[in-house]
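A short worksheet on the structure shown next.
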Amino acid sequence: MISQKQIIESYNKTNHFGREMGMTFEIIEPGKVIIKMPIKPLHLATLKVAHGGVIAGMMDAALGVAALSLSSTKGKIVSTVDLHMNFLVPVKLDDILTANGEVIKAGNRIFFAEAIIENQDGEIVSKGSGTFNAYPVEKIM
């Protein structure tokens, strides 16, 4: 069986989207992660405000990496089945975002996670949840 460490290393190597967006993550424990992302000009939809898709991408990453960090302990990876989120306040140029993602319920194949994204002032800019399908890593390797 492929180890959790190998699965996470592979994810880091192949996650070009997250890298291009400037996201970094830390696994606190299986099922709990923190993702950080500074808002740069490439994230903007207007002169000062980030595109909602960037925030949605970060939310999907926080939820998905939380699920992956737990599923990988059993040699599985995940894919997003469902994503729900609310945008609460605008995200602006030079904001530094922190997402806290956590698996709330994990079955054999279905994982449910929740996350919040805050700016550098501790203001919640988005809340979300997602459902993820877990399957053996061998299906894609």
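Those residues that are among the charged types (D, E, K, R) and farther than 25 Å from LEU44 by Cβ, I need them from the stretch 77-134; list them, please.
Kept after step one, since they are among the charged types (D, E, K, R), are these residues of the stretch 77-134: 82, 92, 94-95, 102, 105, 109, 114, 118, 121, 123, 127.
Hits for the stretch 77-134 are ASP82, GLU102, LYS105, ARG109, GLU114.
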Original post:
Name the pairs: first residue in the stretch 8-24 and on the phi < 0 side of the Ramachandran plot and in contact (Cβ under 8 Å) with a residue 40 or more places away in the chain, second residue part of a strand (DSSP E or B) and among the β-branched types (Val, Ile, Thr), Cβ to Cβ under 8 Å, at least 6 apart or on different chains?
Top reply: ILE8/ILE27; TYR11/ILE77
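Please determine, by comparing only the residues of the stretch 27-43 that are surrounded by 12 or more Cβ atoms within 10 Å (Cβ to Cβ) and hydrophobic (A, V, I, L, M, F, W, C), which one is farthest from the chain's Cα centre (by Cα).
Residues of the stretch 27-43 surrounded by 12 or more Cβ atoms within 10 Å (Cβ to Cβ): 27-28, 30-40, 43.
Applying the additional criterion that residues be hydrophobic (A, V, I, L, M, F, W, C) yields 27-28, 33-35, 37, 39.
Numbers: ILE27: 11, ILE28: 13, VAL33: 8, ILE34: 8, ILE35: 7, MET37: 11, ILE39: 16 Å.
If we take residues in the stretch 27-43 being surrounded by 12 or more Cβ atoms within 10 Å (Cβ to Cβ) and hydrophobic (A, V, I, L, M, F, W, C), then ILE39 is farthest from the chain's Cα centre (by Cα).
Only one of THR46, THR73, THR24 is more than 20 Å from ASN133 (Cβ to Cβ), loosely packed, with under 15 Cβ neighbours inside 10 Å, over 16 Å from the mean Cα position of the chain (by Cα) and among the polar types (S, T, N, Q). Can you tell me which?
Details: THR73 fails: more than 20 Å from ASN133 (Cβ to Cβ); THR24 fails: over 16 Å from the mean Cα position of the chain (by Cα).
Of the residues listed, the single one that is more than 20 Å from ASN133 (Cβ to Cβ), loosely packed, with under 15 Cβ neighbours inside 10 Å, over 16 Å from the mean Cα position of the chain (by Cα) and among the polar types (S, T, N, Q) is THR46.
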Subject >> Residues (touching a helix residue (DSSP H, G or I) at 6+ places or on another chain (Cβ under 7 Å) and of a type in the set (S, T, N, Q)) located in the stretch 1-37 >> reply: GLN4
Original post:
Of the residues that make up the stretch 37-44, is at least one within 18 Å of GLU118 (Cβ to Cβ) and in a strand (DSSP E or B)?
Top reply: yes
**OP:** Hey, can you tell me all the residues within the stretch 1-21 that are buried (at least 18 other Cβ atoms within 10 Å of the Cβ) and among the β-branched types (Val, Ile, Thr)?
**Re:** ILE7
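Bear in mind these aren't lab numbers, they're just calculated from the coordinates by the rules spelled out. Computed from a prediction, not measured in an experiment: that's the story for all the values here. Neighbour counts are summed over all protein chains in view; Cβ atoms, including those assigned to glycine, are modelled from backbone coordinates with ideal geometry.
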